[in-house]
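The values are calculated or read from the model by the stated rules, or taken from the named source; none is laboratory data. Here the structure is a predicted model, which means the values were calculated and not measured. Here the Cβ positions follow ideal geometry from the backbone for every residue, glycine too, while neighbour counts run over all protein chains shown. To get the accessible areas, we keep the full protein, side chains included, count just its heavy atoms, and leave off ligands, DNA and RNA. Shrake-Rupley method; radii C 1.70, N 1.55, O 1.52, S 1.80 Å.
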Amino acid sequence: MTAIRILHLSDPHLTASGFDEDGVDAARALRRLMTTVREVEDLDLIVSTGDIADDGSVAGCERFRDTVGGFARRRGVPHIYTTGNHDRRSSFTEVFGSGHLTADGADAADARGPSGTCAAVSHLGDLRMITLDSLVPGSGHGLVGDEQLAWLRNVLATPAPRGTVVALHHPPLVLPRHPLANLLLHDFAAFSQVLAGTDVRAVLCGHLHHERYGTVGAVPVYVAPGIVTRIDFDPRTTRLIGVLGAAAAVVELREDLAPVAYTVTARDSRAGEVVYRVDSAPN
């Protein structure tokens with residue numbers, strides 16, 4: 001059976017104007033990236049893991065949907081979205097509905113999560129896709145919460161033929177030496193317990209603006225790099241350096257083998273240009 005190839009996007013931080021709060025031309029960064037990923041072959045699915053609209057606006061969400069959705073339509077693949085800490089649920093729902101869309105933009109969700117959340121489940125053939133909503137309005141950290149976890153446990157009680165991929169914004173990782181250590185998924189332990197012994201093959205996340213790999217229990221976790229900016233940091237300090245250089249990940253689910261992933265970086269003459277330097281993490 002052939003592998004399933006997922007284009008994993010995260011953190012475009014679009015706005016009504018196209019520029020994020022740091023003055024970065026987020027719309028340009030996205031255009032550069034999408035031009036580059038046209039060369040990625042044999043895609044089956046696009047997953048975007050949050051911080052779609054830097055200002056939480058409908059217009060920011062629409063910019064992203066029109067760009068990514070147009071690409072998905074041309075490639076004939078479904079596209080799936082989650083919320084991030086910069087998003088607003090009302091704007092997200094207005095633009096993306098359940099967040100699970102067909103190649104033509106129709107809602108593809110088989111079921112939605114608890115009321116008041118932007119969580120849903122759909123299927124790509126025999127592969128199950130579950131999105132969770134880790135948004136805590138006004139905060140940088142993430143929380144799935146007891147109600148979503150109970151819903152997730154119930155969904156996972158029945159295995160899917162090719163397993164499940166879970167997508168959410170905040171990484172379910174413990175990174176004590178990382179400058180963003182306090183801004184990860186706060187109910188990591190409860191989330192890990194729900195996934196234990198299930199058919200979940202991978203967890204896809206964003207938020208960190210740089211690629212990262214780890215595990216939640218025995219399940220691989222893949223963190224996509226940022227689109228609007230990439231974060232570099234010196235491992236010996238807490239200083240973060242935000243630079244231009246949009247990137248994405250390609251995650252490949254292979255039959256009876258561990259998933260693999262690699263990074264695709266946009267071709268951009270301005271890549272590496274410093275946007276900000278801070279000694280503590282931005283939200």
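Can you pull out the residues in segment 195-213 that are farther than 22 Å from residue 7 by Cβ and touching a strand residue (DSSP E or B) at 6+ places or on another chain (Cβ under 9 Å)?
195, 196, 198, 199
Which of the residues spanning segment 41-55 are within 21 Å of residue 102 (Cβ to Cβ) and either in contact with a strand residue (DSSP E or B) (Cβ under 6 Å, 6 or more places away or on another chain) or not in a loop (DSSP other than H, G, I, E, B) (or both)?
42, 43, 44, 45, 46, 47, 48, 49, 50
I need a count of the residues in segment 85-99 that are polar (S, T, N, Q) and in contact with a Leu (Cβ under 7 Å, 6 or more places away or on another chain).
1
Consider residue 70 carefully, then state whether it is in contact with a His (Cβ under 9 Å, 6 or more places away or on another chain) and either open to solvent by less than 40 Å² (accessible area, probe 1.4 Å) or in a helix (DSSP H, G or I) (or both).
Criteria not met by residue 70.
Residue-by-condition table, conditions (1) buried (at least 24 other Cβ atoms within 10 Å of the Cβ); (2) closer than 28 Å to residue 123 by Cβ; (3) at pLDDT 95 or above; (4) touching a helix residue (DSSP H, G or I) at 6+ places or on another chain (Cβ under 7 Å):
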position	(1), (2), (3), (4)
26	yes, no, yes, no
40	no, yes, yes, no
87	yes, yes, yes, no
93	no, yes, yes, no
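Do you know which of the residues in segment 249-277 that are open to solvent by 60 Å² or more (accessible area, probe 1.4 Å), assigned to a loop (DSSP other than H, G, I, E, B) and free of Cβ contacts under 8 Å to residues at least 40 places away in the same chain is farthest from residue 179 (Cα to Cα)?
Result: 256.
Among the residues of segment 190-208, how many are in a loop (DSSP other than H, G, I, E, B) and within 18 Å of the chain's Cα centre (by Cα)?
So the answer is 3.
Exactly one condition in (1) open to solvent by 10 Å² or more (accessible area, probe 1.4 Å); (2) farther than 22 Å from residue 172 by Cα; (3) in contact (Cβ under 8 Å) with a residue 24 or more places away in the chain is not met by residue 17; state its number.
(3)
Regarding segment 171-184, can at least one residue be identified that is in a loop (DSSP other than H, G, I, E, B), among the small types (Gly, Ala, Ser) and without any contact (Cβ under 8 Å) to a residue 24 or more places away in the chain?
No, that holds for no residue.
Any chance segment 227-248 includes a residue that's over 17 Å from the mean Cα position of the chain (by Cα), open to solvent by 10 Å² or more (accessible area, probe 1.4 Å) and of a type in the set (Lys, Arg)?
The answer is yes; a qualifying residue exists.
Report whether or not residue 22 is among the acidic types (Asp, Glu), over 23 Å from residue 5 (Cβ atoms) and open to solvent by 10 Å² or more (accessible area, probe 1.4 Å).
It is true that residue 22 is among the acidic types (Asp, Glu), over 23 Å from residue 5 (Cβ atoms) and open to solvent by 10 Å² or more (accessible area, probe 1.4 Å).
Examine segment 97-119 for a residue that is open to solvent by less than 10 Å² (accessible area, probe 1.4 Å), in a helix (DSSP H, G or I), under 21 Å from residue 69 (Cα atoms) and modelled with pLDDT of 95 or more, and state whether such a residue exists.
Looking for residues that are open to solvent by less than 10 Å² (accessible area, probe 1.4 Å), in a helix (DSSP H, G or I), under 21 Å from residue 69 (Cα atoms) and modelled with pLDDT of 95 or more, one finds none in segment 97-119, hence no.
What number of residues within segment 153-208 satisfy the criterion of being of a type in the set (Phe, Trp, Tyr) and open to solvent by less than 30 Å² (accessible area, probe 1.4 Å)?
Looking only at that region, the number is 1.
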